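J.: Sending over a structure as structure tokens; questions will come in a sec.
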Amino acid sequence: MSHPDPSGAPVVDPAASAPLESLFASMALIRAFETRVAELYRDGEIPGFVHTSLGQEAVAAGVGLALRPDDYLATTHRGHGHCLAKGVDVDGMMAELFAKATGLCRGKGGSMHVADPRLGVLGANAIVGASMPLAVGAGLSSKLRRQDRVAVAFFGEGAVNQGMFHEAMNLAAIWDAPVVFVCENNVYAEFTDSRTMSRVPRVADRAAAYGIAASTVDGNDVEAVHAAAQEAVERCRVARGPFLLEAETYRSHGHYEGDAQPYKPAEESDAWGALDPLSIAEGRLLERGAGSAQRLAAVRSRARERVEAAVERARAAPPPAPEEAYEHVFHG
Amino acid sequence: MSSTAERAPRYIDAINQALAEAMAEDDTVVVIGIDVGAGEGIFRVTRGLFERFGPERVIDTPISEMGYVGAAVGAAMTGLRPIVEIMFMDFLGVCLDPIMNQAAKLPYMTAGALSVPIVFRTQTGAGRSAGAQHSQSLEAMLAHVPGLKVVMPATVTDAHDLLLAAVRDPDPVVYVENRRLYATRARLDRDPLPLGVARVAAVGEDVTVVTWGQSLRECLTAAEGGSPSLEVVDLRSLVPLDMETVLASVRKTGRLLVVHEAVQDFGAGAEIAARVADELFDDLRAPVRRLGAPAVPMPFSPDLERALLPSAVAIAAVAEKLTRES
């Protein structure tokens, strides 16, 4: 479903789209990273909490590859995939999850706080909904400084009942801020079926209340996500105001690693399992003769090797020095 | 009142002047808040700014604190230096997340990769029958959160200098005005003290009185009596906390009284008392005392309100008792 766009025709050149091979490679990296992280967490090598995005790779890759390196991105506790798709260094991320001195945040952020401002990544965020006002501010900053950088806020459907969603949407609308709100609707808000927590089943339907254009897309179809994201991002870049993109997907794992998920019906997990975003992309590539099964297996294998190399580096790295705890409370 | 005194700026003028200076010297400085633009602010603190700097730098918002304070933090992370107004300090209750969990934490959690140069401008001030939801001094709550600086200007000069210092500071700073001081007038001192340095507002011998914000006036009035002789220290900021100036004074007097308008229980006075006890136990000639508001919500009645706020008479009485205890 798409709300009518008062500002007219599409702004995206279809020839500029990332090829499916690139989207697949990005998803393969996220899949390899998250799969390995889940194992490492289970084995006690990674401390704290870990929330993986397994099953949701198409949203991260589809949106991530629609962004420029200088575009802003604010994300959630389930943000590894978004950061990887934006180009954040695998070694720096893995070392951060291992709480090592070589981590992107020197071991002071962790899984829920990976950030890399050099790539516009304003951080994963452990407060549900907080990515949205921050992205609105980044969009405002871009607009007032006469830049054409777009800000993306990732959030789950569990965040849309927070006041922050309402306030951020309204502000982005009145300020015409270049913000793409990307709702990953993965059915569960932590342990709760989010369909029971709102009388409005489609998140995109809420956008009309703020005068914001919106659409809902199959979040497991990476090409569909990418096309929709490109459209939304380019609209923002040419100053046509914010956009809400809802991607319907499914969280394969629990809210956090170790969550037994008694609340999920088995048939539901099975049904979504048949809609695995990587399998869909693989099938499509084979069908188009764009790659052999062997070549696609090699892409997955290279991704796993890349992640394993990061794991080895993270294991070998030192923990932060004790005095690191006292640094960076203030800049001045 | 002499003509010279009439021409001296008011506290509120000093804030307005500092806002204009900050915006003039750095075009990334923006003012964001409810009614701050064409409406010139609820107390007219931002008057003239909208006209001079335009709607892109003096940005009106809906009544939506969590949203616009959060957006201001996002803007601070991406190249702007927002001065974001929280109309009454009590309204922190609806927008604490961007202050406490975002601005205060992100520079640390990213090992300094992100900076959040933002000023949260707000005001407090009991004593005007504003009721329990428009009268709270919540500075201790903010000072308790690592990563926030908290400044409380008590004078016209500091209203100006501390605001400019806060805007220029690379860190998130909560700047708390007291609306009961808005009409006070004084000439600006020529040499500004930096943020983080306390000021000895009155030199004395018998009791050190540490205070900040509006209570400074009451303490100085109490000191005018001359007996006992009070040394009044205006902290100017709770974070950074200039304990050196406090300790130097208490070493001299051997007695400490901390006075604040905020509720006494679990207040900033307890922190200062504990630090002095830690450092100067052997130098103290009397127990450390605190004088703050009792732990009740601020009532509406002017009579009740007056009874709760620390007065010059009460300060003088406690100080006098301290000198008799040693």
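The values are calculated or read from the model by the stated rules, or taken from the named source; none is laboratory data. The model shown is predicted, which means the values in this text are computed figures rather than measured ones. We place every Cβ from the backbone using ideal geometry, glycine too, and count neighbours over all the protein chains shown.
J.: For the range B:38-56, does any single residue satisfy the condition of being within 10 Å of another protein chain (Cβ to nearest Cβ), within 24 Å of the chain's Cα centre (by Cα) and of a type in the set (A, V, I, L, M, F, W, C)?
T.: First, the residues of the range B:38-56 that are within 10 Å of another protein chain (Cβ to nearest Cβ): B:56.
Filter once more, so that each one left must be within 24 Å of the chain's Cα centre (by Cα): none.
For the range B:38-56, residues within 10 Å of another protein chain (Cβ to nearest Cβ), within 24 Å of the chain's Cα centre (by Cα) and of a type in the set (A, V, I, L, M, F, W, C): absent.
J.: Report, by residue number, each residue of the range A:229-255 that is closer than 22 Å to A:SER53 by Cβ, part of a helix (DSSP H, G or I) and in contact with a Phe, Trp or Tyr (Cβ under 9 Å, 6 or more places away or on another chain). Show your work before the answer.
T.: Residues of the range A:229-255 that are closer than 22 Å to A:SER53 by Cβ, as a first pass: A:229-230, A:232-233, A:243-255.
Remaining after also requiring part of a helix (DSSP H, G or I): A:229-230, A:232-233.
Residues satisfying the conditions are A:ALA232, A:VAL233.
J.: Separate question: Being in contact with a Gly (Cβ under 8 Å, 6 or more places away or on another chain), crowded, with 22+ Cβ neighbours inside 10 Å, within 7 Å of chain B (Cβ to nearest Cβ) and not aromatic (Phe, Trp, Tyr), is that true of even one residue in the range A:145-160?
T.: no
J.: What number of residues within the range B:140-174 are under 22 Å from B:VAL31 (Cβ atoms) and away from chain A (no Cβ under 14 Å)?
T.: Residues that pass the stated criteria total 12.
J.: If I go through the range A:61-96 residue by residue, how many of them are more than 14 Å from chain B (Cβ to nearest Cβ) and in contact (Cβ under 8 Å) with a residue 60 or more places away in the chain? Talk me through it step by step, then tell me what you get.
T.: Restricting attention to the range A:61-96, the residues satisfying the condition of being more than 14 Å from chain B (Cβ to nearest Cβ) are A:61-69, A:78, A:80-82, A:84-87, A:90-91, A:94.
Adding the requirement that they be in contact (Cβ under 8 Å) with a residue 60 or more places away in the chain leaves A:61-63, A:65-68, A:78, A:82, A:90-91, A:94.
Total meeting the criteria: 12.
J.: Which condition does A:GLY103 not pass, out of (1) farther than 22 Å from A:VAL160 by Cβ; (2) more than 14 Å from every other protein chain (Cβ to nearest Cβ); (3) surrounded by 24 or more Cβ atoms within 10 Å (Cβ to Cβ), if it passes all the others?
T.: Failing condition for A:GLY103: (2).
J.: With over 22 Å from B:GLY33 (Cα atoms) and surrounded by 24 or more Cβ atoms within 10 Å (Cβ to Cβ) as the only criterion, which of A:PHE181, A:PHE191 stands out?
T.: Numbers: A:PHE191 fails: surrounded by 24 or more Cβ atoms within 10 Å (Cβ to Cβ).
Only one candidate qualifies: A:PHE181.
J.: Within the range B:181-212, work out how many residues are closer than 30 Å to B:VAL116 by Cα and out of contact with any Cys (no Cβ under 7 Å at 6 or more places or on another chain). Break it down into steps so the answer makes sense when it comes.
T.: Taking the range B:181-212 first, the residues closer than 30 Å to B:VAL116 by Cα are B:181-182, B:188-199, B:211-212.
Now restrict to residues that are out of contact with any Cys (no Cβ under 7 Å at 6 or more places or on another chain): B:181-182, B:188-199, B:212.
Here the count works out to 15.
J.: Let me ask something additional. Go through the range A:166-205 and give me each residue that's without any contact (Cβ under 8 Å) to a residue 40 or more places away in the chain, within 14 Å of chain B (Cβ to nearest Cβ) and in contact with a helix residue (DSSP H, G or I) (Cβ under 6 Å, 6 or more places away or on another chain).
T.: Residues satisfying the conditions are A:GLU167, A:ALA168, A:LEU171, A:TRP175.
J.: Also, quick follow-up: Residues of the range B:50-61 being without any contact (Cβ under 8 Å) to a residue 24 or more places away in the chain and assigned to a helix (DSSP H, G or I), which ones?
T.: At the first step, the residues of the range B:50-61 found to be without any contact (Cβ under 8 Å) to a residue 24 or more places away in the chain are B:50-51, B:54-55.
Once the filter is applied, which keeps residues that are without any contact (Cβ under 8 Å) to a residue 24 or more places away in the chain and assigned to a helix (DSSP H, G or I), the range B:50-61 yields B:PHE50, B:GLU51.
J.: Further question on the same structure: Among the residues of the range A:106-116, write down those that are within 11 Å of chain B (Cβ to nearest Cβ), not hydrophobic (A, V, I, L, M, F, W, C) and not in a loop (DSSP other than H, G, I, E, B). Give the steps one after another, and end with the answer.
T.: Just the residues of the range A:106-116 that are within 11 Å of chain B (Cβ to nearest Cβ), to begin with: A:106-110, A:112-116.
Okay, now just the ones that are also not hydrophobic (A, V, I, L, M, F, W, C), so A:106-110, A:113, A:116.
Selection gives A:HIS113, A:ASP116.
J.: Select from the range B:103-123 the residues that are assigned to a helix (DSSP H, G or I) and facing another protein chain (nearest Cβ under 9 Å) and write down the one among them that is nearest to A:MET93 (Cα to Cα). Step through it out loud before you land on a result.
T.: Just the residues of the range B:103-123 that are assigned to a helix (DSSP H, G or I), to begin with: B:103, B:106-109.
Add one more test, that the residue is facing another protein chain (nearest Cβ under 9 Å), and what stays is B:106-109.
Working: B:LEU106: 17, B:PRO107: 17, B:TYR108: 17, B:MET109: 14 Å.
Among residues in the range B:103-123 that are assigned to a helix (DSSP H, G or I) and facing another protein chain (nearest Cβ under 9 Å), the one nearest to A:MET93 (Cα to Cα) is B:MET109.
J.: Every residue in the range B:65-102 that is more than 10 Å from chain A (Cβ to nearest Cβ), in a helix (DSSP H, G or I) and among the charged types (D, E, K, R), please.
T.: Residue satisfying the conditions is B:ASP90 alone.
J.: Counting only residues that are touching a Phe, Trp or Tyr at 6+ places or on another chain (Cβ under 8 Å) and surrounded by fewer than 20 Cβ atoms within 10 Å (Cβ to Cβ), how many does the range B:80-129 have?
T.: Going through the range B:80-129 one residue at a time, the tally reaches 1.
Listed here are the residues, each with its yes/no results for (1) touching a residue at least 12 places away in the same chain (Cβ under 8 Å); (2) surrounded by fewer than 23 Cβ atoms within 10 Å (Cβ to Cβ); (3) among the hydroxyl-bearing types (Ser, Thr, Tyr).
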site	(1), (2), (3)
B:ALA14	yes, no, no
B:LEU19	yes, no, no
B:GLU25	no, yes, no
B:GLY48	yes, yes, no
B:ILE63	yes, yes, no
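J.: Here is a check on your reading of the model: is B:TYR108 among the aromatic types (Phe, Trp, Tyr), assigned by TED's automatic domain parsing to the domain that holds B:VAL156 and under 24 Å from A:GLU324 (Cα atoms)?
T.: Considered against the rule, which asks whether it is among the aromatic types (Phe, Trp, Tyr), assigned by TED's automatic domain parsing to the domain that holds B:VAL156 and under 24 Å from A:GLU324 (Cα atoms), B:TYR108 comes out as yes.
J.: Let me ask something else. Taking the range A:117-141 as the region of interest, how many residues are at the interface with chain B (Cβ under 7 Å from one of its Cβ atoms) and within 23 Å of A:ARG235 (Cβ to Cβ)? Show your work before the answer.
T.: So the first thing to find is which residues in the range A:117-141 are at the interface with chain B (Cβ under 7 Å from one of its Cβ atoms), and the list is A:117, A:122-123, A:127, A:130, A:133-138, A:140-141.
If we keep only those that are within 23 Å of A:ARG235 (Cβ to Cβ) as well, we get A:122, A:133-138, A:140-141.
Count: 9.
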